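Student: Pasting a structure here, questions to come.
The values are calculated or read from the model by the stated rules, or taken from the named source; none is laboratory data. This is a predicted model, so every value here is computed, not measured. Note that we place each Cβ from the backbone using ideal geometry, even for glycine, and neighbour counts take in every protein chain shown.
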Amino acid sequence: MVKTTEKKKWQQPGVVFQPQVYQSMQRGIKQLVQAIAPTLGPLPRIVASQRNSNSKPELFDDGATIARRIIQLRNREEDMGAMLLRHTLWSLHESAGDGTATAAVLFDNIFDHGVRYITAGGNAMRLRRALESGCQAITEELERQTIRLHGKHELARLAEAISFDPEMGKLMGEIFDIIGEYGRLEIRSGRSLALEREYIEGMYWDGGILSRAMIEDARLGRAQLENPAVLISDLAIQEPQDLLPLLEAALQADVKSLLLVASEVSERALSLVLAKPNRERIQVVAVKSPALHIDARRGALEDLAIITGGRAFHKAAGDTLNSVKAEDLGRARRAWADPYFFGVLGGRGNPKVIRQHIASLRQAFKNLSEADDRKRAQERLGKLIGGAAVLWVGASTPLGVELRKELAERTAEAMRGAIRDGVVPGGGVALLNCRKVIEEKLHTAVEPDERAAYNILRQALEVPARTLAYNAGTDPSTMMGQLALAEPGCGFDIVNQRVVNMAEAGIFDSAAVVKSAIFAAVHGAALALTVDVLIHRANPPESLQTG
């Protein structure tokens with residue numbers, strides 16, 4: 001624990017002005033960046049983190065996780081700078097899945113040079129506007145460099161460039177070649193030391209079977225239905241008589257098997273459909289309504305209804321099964337359920353309605369900004385148009401499994417963005433290529449603040465490539481000299497220590513990640529440069545720990 005006097009200092013309110021604001025924020029930002037920068041590149045350094053004196057240290061090579069572990073710096077003013085950058089990086093991680101180390105070194109460089117210019121007499125607001133204008137030009141240039149990848153081999157090379165794990169890259173390339181950008185990919189703890197993948201036919205949801213007595217094949221561990229009708233609901237069915245209208249409507253329509261989706265079915269109600277005479281007339285498999293979040297559940301039921309051509313019964317709308325008709329039931333070629341999931345294959349919904357629904361979800365996905373909302377929309381699209389796969393992640397220790405699962409999740413998110421938005425040359429080359437457009441703006445700029453901003457950006461665009469080289473044990477100046485003499489399209493292969501054509505070598509970065517990283521870094525640093533006053537509130541958390 002820190003000393004009592006330091007605690008008292010933390011508990012006092014206060015107001016801090018320039019030049020102490022810049023100086024303190026700069027020190028705080030620098031501390032966070034120095035912890036993250038070593039993780040950039042295919043040959044990263046390792047960062048160790050220990051929660052307390054009794055726990056084993058955790059080893060990280062992921063900037064987002066490192067940033068998340070740093071929750072407070074001892075100095076209050078420095079802490080504000082570090083937490084501003086931490087928020088920027090974590091927001092980037094949630095939206096793009098990668099690029100946090102690149103954004104961190106860019107943010108640090110832009111802020112450092114911006115502070116020097118402003119303290120020498122520059123105007124912070126005009127500099128900010130010019131930086132943001134330059135960022136727009138960089139983004140447009142990155143768009144011009146973007147290409148699309150096709151086939152599992154190209155996707156595998158991209159996945160390896162993201163994860164720096166050849167085995168994971170190979171499997172990720174194959175998986176995303178099959179499931180596409182929106183396909184469902186579950187990443188689970190493995191059953192061996194290696195990586196394994198499994199493909200699941202059709203569409204499936206969380207929500208297991210409500211009675212193991214409905215599983216006829218104990219060896220398979222699941223119930224299967226051929227040509228089932230589907231009752232879609234989030235209703236709680238308590239009494240056997242609640243099911244009678246449904247069963248009568250199904251029998252009148254000559255239904256031989258029924259998938260019953262409900263939030264709850266009591267033992268009394270289950271006993272009705274499990275009775276042997278009734279099972280001989282109609283086989284019923286009851287499963288739990290998918291998703292815990294109310295919006296996610298509503299969306300899942302809507303998707304299931306559209307896929308199967310049925311009607312969704314909602315408890316919130318006052319729906320009951322008293323008036324259910326045969327035409328309210330969805331239809332499918334096959335359905336299955338196990339203790340954890342249920343799925344349908346060959347839904348008999350109207351193809352035109354399904355296409356319209358997919359189009360509306362695509363548009364909604366593009367317009368969403370919150371990470372959780374985008375994830376739910378992506379999962380819904382995956383069920384409708386993509387395949388489904390499971391990646392089983394193994395390692396020699398439980399900690400190794402968790403770290404590799406986190407790596408797989410980051411790689412998958414970056415892969416989705418790359419398939420959706422294309423790729424750019426890797427190794428920091430895409431940003432180096434953007435120097436030309438910034439130099440053109442510099443030559444036409446008249447205002448001193450604009451010229452300063454473009455000079456700052458021009459220097460910053462070199463920082464990721466230089467950091468990659470430094471982390472790999474290569475002299476950054478020597479590497480930059482070799483690149484200056486190289487042909488267009490060439491970059492430095494950090495692993496093999498030579499200049500190569502990046503496209504031919506298959507060294508790419510996700511365009512979405514690079515654009516998100518430069519946007520987050522420039523806009524975040526530009527905002528930080530306009531902070532003039534820090535205000536401390538009284539009584540922050542008492543459990544302040546030493547860094």
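Student: What tally of residues in the range 313-338 results from selecting those that are touching a Gly at 6+ places or on another chain (Cβ under 9 Å) and among the hydrophobic types (A, V, I, L, M, F, W, C)? Walk me through it before giving the result.
Tutor: As a first pass, look at the range 313-338 and keep what is touching a Gly at 6+ places or on another chain (Cβ under 9 Å): 327-338.
Keeping just the survivors that are among the hydrophobic types (A, V, I, L, M, F, W, C) gives 329, 332, 335-337.
Residues that pass the stated criteria total 5.
Student: Another question, if that's okay. Scan the range 207-238 for residues that are in contact with a Phe, Trp or Tyr (Cβ under 7 Å, 6 or more places away or on another chain) and either farther than 18 Å from residue 344 by Cα or not in a strand (DSSP E or B) (or both) and jot them down.
Tutor: Answer for the range 207-238, where residues must be in contact with a Phe, Trp or Tyr (Cβ under 7 Å, 6 or more places away or on another chain) and either farther than 18 Å from residue 344 by Cα or not in a strand (DSSP E or B) (or both): 207, 208, 235.
Student: So residue 254 passes all but one of these: (1) on the phi < 0 side of the Ramachandran plot; (2) surrounded by fewer than 21 Cβ atoms within 10 Å (Cβ to Cβ). Which condition number does it fail?
Tutor: Exception for residue 254: condition (1).
Student: Six or more apart or on different chains, Cβ atoms under 9 Å: show the pairs whose first residue is in the range 138-163 and at positive phi and whose second is crowded, with 17+ Cβ neighbours inside 10 Å and of a type in the set (D, E, K, R).
Tutor: Listed pairs, sorted by first residue: 151/177.
Student: Filter the range 474-499 down to residues that are over 30 Å from residue 25 (Cβ atoms) and touching a Phe, Trp or Tyr at 6+ places or on another chain (Cβ under 8 Å), then give me how many there are.
Tutor: Selection size over the range 474-499: 6.
Student: Being part of a loop (DSSP other than H, G, I, E, B), exposed (fewer than 14 other Cβ atoms within 10 Å of the Cβ) and not small (Gly, Ala, Ser), is that true of even one residue in the range 178-200?
Tutor: yes
Student: Looking only at the range 211-230, how many residues end up being on the phi > 0 side of the Ramachandran plot and loosely packed, with under 13 Cβ neighbours inside 10 Å?
Tutor: 1
Student: Working only within the range 278-297, note down all residues that are of a type outside the set (A, V, I, L, M) and more than 23 Å from residue 334 (Cα to Cα).
Tutor: Across the range 278-297, the qualifying residues are 293, 295.
Student: Also: Taking residue 487 and the conditions (1) surrounded by fewer than 17 Cβ atoms within 10 Å (Cβ to Cβ); (2) touching a residue at least 60 places away in the same chain (Cβ under 8 Å), which numbered condition does it fall short on, given that it satisfies the others?
Tutor: (2)
Student: Residues in the range 435-442: is at least one within 27 Å of residue 159 (Cβ to Cβ) and touching a residue at least 60 places away in the same chain (Cβ under 8 Å)?
Tutor: Taking every residue of the range 435-442 in turn, none turns out to be within 27 Å of residue 159 (Cβ to Cβ) and touching a residue at least 60 places away in the same chain (Cβ under 8 Å).
Student: Could you list, in sequence order, all residues of the range 535-547 that are surrounded by 12 or more Cβ atoms within 10 Å (Cβ to Cβ), closer than 23 Å to residue 68 by Cβ and either touching a helix residue (DSSP H, G or I) at 6+ places or on another chain (Cβ under 9 Å) or at pLDDT 90 or above (or both)? Spell out the reasoning first.
Tutor: Kept after step one, since they are surrounded by 12 or more Cβ atoms within 10 Å (Cβ to Cβ), are these residues of the range 535-547: 536, 540, 544-545, 547.
From what's left, closer than 23 Å to residue 68 by Cβ: 540, 544-545, 547.
540, 544, 547, listed by residue number.
Student: Could you list, in sequence order, the residues of the range 301-358 that are buried (at least 23 other Cβ atoms within 10 Å of the Cβ) and closer than 19 Å to residue 254 by Cα?
Tutor: Listed by number, the residues that qualify are 308, 310, 329, 330, 332, 335, 347.
Student: A further question follows. If we scan the range 231-239, do we find a residue that is crowded, with 22+ Cβ neighbours inside 10 Å, touching a Leu at 6+ places or on another chain (Cβ under 8 Å), assigned by TED's automatic domain parsing to the domain that holds residue 311 and not aliphatic (A, V, I, L, M)?
Tutor: Yes: one or more hits.
Student: Residues that are in the same structural domain as residue 521 (by TED's automatic domain parsing) and more than 24 Å from residue 101 (Cβ to Cβ), at least 2 per element: which helices (runs of 4 or more DSSP H) completely within the range 416-500 meet that?
Tutor: Filter on the range 416-500 gives 435-444, 448-460, 476-485.
Student: Condition test on residue 408, is it in contact (Cβ under 8 Å) with a residue 12 or more places away in the chain, among the hydrophobic types (A, V, I, L, M, F, W, C) and more than 25 Å from residue 508 (Cα to Cα)? Explain how you work it out, then say what you get.
Tutor: On the way: in contact (Cβ under 8 Å) with a residue 12 or more places away in the chain: yes; among the hydrophobic types (A, V, I, L, M, F, W, C): yes; more than 25 Å from residue 508 (Cα to Cα): no.
In short, no.
Student: Looking at the range 44-62, which of its residues are surrounded by 15 or more Cβ atoms within 10 Å (Cβ to Cβ), in contact (Cβ under 8 Å) with a residue 60 or more places away in the chain and under 22 Å from residue 106 (Cβ atoms)?
Tutor: Once the filter is applied, which keeps residues that are surrounded by 15 or more Cβ atoms within 10 Å (Cβ to Cβ), in contact (Cβ under 8 Å) with a residue 60 or more places away in the chain and under 22 Å from residue 106 (Cβ atoms), the range 44-62 yields 44, 60, 62.
Student: Considering the range 376-401 alone, what residues qualify as being assigned to a loop (DSSP other than H, G, I, E, B) and at pLDDT 80 or above? Don't jump to the end; show me each part of the working.
Tutor: First, the residues of the range 376-401 that are assigned to a loop (DSSP other than H, G, I, E, B): 386-387, 394-397.
Selection gives 394, 395, 396, 397.
Student: May I pose another question? For the condition among the small types (Gly, Ala, Ser), in the same structural domain as residue 416 (by TED's automatic domain parsing), modelled with pLDDT under 90 and touching a helix residue (DSSP H, G or I) at 6+ places or on another chain (Cβ under 8 Å), what is the one hit in 169, 173, 180?
Tutor: It is 180.
Student: Please go through (1) in contact with an Asp or Glu (Cβ under 8 Å, 6 or more places away or on another chain); (2) farther than 22 Å from residue 259 by Cα for residue 383 and return the number of the only condition it doesn't satisfy.
Tutor: (2)
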